[in-house]
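Student: Sharing a structure, written as structure tokens. Questions coming.
The values are calculated or read from the model by the stated rules, or taken from the named source; none is laboratory data. No experiment lies behind these values; they were computed from the predicted model shown. Neighbour counts are summed over all protein chains in view; Cβ atoms, including those assigned to glycine, are modelled from backbone coordinates with ideal geometry.
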Amino acid sequence: MRRLVKLLALSFSLLPNLAVSAQPSKPEKAEGSCSGKIADMRFECPAGWNIVDQGSNSITGDTSTTIGDFKRGAESRLTRPAGRATIKIGTKPKFYRDVQEWVHVAGTKHAPESIPSTEQFSNKFVGSVEAICLSSPPSSDFFYASYFLVVKGTPLIVELVHNRDSSRAGEYRRTVQEVIEHLQPIR
């Protein structure tokens with residue numbers, strides 16, 4: 001027992017010396033930060049956002065990752081809390097020949113009330129990226145914006161959804177822009 005006490009006393013006396021010579025530790029990721037991979041793209045979650053859903057569909061051949069500005073609960077189905085948003089990053093289903101057909105079907109069959117527009121983004125890794133956006137009409141209770149784009153040969157959809165009356169609506173639109181501008185091709 002005396003030996004243990006002496007050993008502990010010695011180790012505590014050495015601690016100040018050890019602290020001086022210790023190497024700085026690597027900074028930890030900020031809480032809520034995450035990263036993901038979809039098709040041939042890598043992405044970092046914006047601060048405070050988390051991966052809340054991931055999936056693939058063996059019939060359509062598409063995969064997706066959904067991030068949200070909340071932590072997912074234990075429920076089996078993804079539920080977006082009131083006042084929060086999700087951004088889904090997904091690949092083109094295999095039965096569409098190209099992005100134009102994908103947008104046409106989405107805009108005429110799945111969401112005929114959507115408002116089409118074209119937007120330019122400056123991707124940090126590949127330069128200018130054009131996206132076709134289908135967004136919800138003003139009469140909708142929730143806001144969605146589906147951005148169809150091709151980044152270095154990979155067709156993607158980046159889809160923002162939130163309550164129309166969210167106090168953070170402007171912030172969410174900037175966040176989806178940030179996600180698109182930071183999609184990083186792996187190959």
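Student: For the range 110-138, which positions are among the hydroxyl-bearing types (Ser, Thr, Tyr), without any contact (Cβ under 8 Å) to a residue 40 or more places away in the chain and part of a strand (DSSP E or B)?
Tutor: SER117, THR118, SER128, SER135
Student: Here's something else I'd like to know. So which pairs qualify, if the first residue must be in the range 175-187 and at negative phi and surrounded by 15 or more Cβ atoms within 10 Å (Cβ to Cβ), the second must be at pLDDT 95 or above and of a type in the set (Gly, Ala, Ser), the Cβ gap must be under 8 Å, and the two must be at least 6 apart or on different chains?
Tutor: VAL176/ALA145; ILE180/ALA131
Student: Can I ask one more? Would you mind telling me which numbered condition in (1) outside any strand (DSSP E or B); (2) touching a Lys or Arg at 6+ places or on another chain (Cβ under 6 Å) PHE143 fails?
Tutor: Among (1) outside any strand (DSSP E or B); (2) touching a Lys or Arg at 6+ places or on another chain (Cβ under 6 Å), PHE143 violates only (1).
Student: Taking the condition under 19 Å from the mean Cα position of the chain (by Cα) and either touching a residue at least 60 places away in the same chain (Cβ under 8 Å) or not in a loop (DSSP other than H, G, I, E, B) (or both), does GLY107 pass?
Tutor: no
Student: Looking at GLY73, GLY83, which one is in contact with a strand residue (DSSP E or B) (Cβ under 9 Å, 6 or more places away or on another chain), small (Gly, Ala, Ser), at pLDDT below 90 and closer than 26 Å to ALA169 by Cβ?
Tutor: GLY83
Student: Same structure again: I'm checking my understanding of the structure. Among residues of the range 74-104 that are in contact with a Pro (Cβ under 9 Å, 6 or more places away or on another chain) and either touching a residue at least 12 places away in the same chain (Cβ under 8 Å) or not hydroxyl-bearing (Ser, Thr, Tyr) (or both), which one is surrounded by the fewest Cβ atoms within 10 Å (Cβ to Cβ)?
Tutor: So, considering only residues that are in contact with a Pro (Cβ under 9 Å, 6 or more places away or on another chain) and either touching a residue at least 12 places away in the same chain (Cβ under 8 Å) or not hydroxyl-bearing (Ser, Thr, Tyr) (or both), the one surrounded by the fewest Cβ atoms within 10 Å (Cβ to Cβ) is ASP98.
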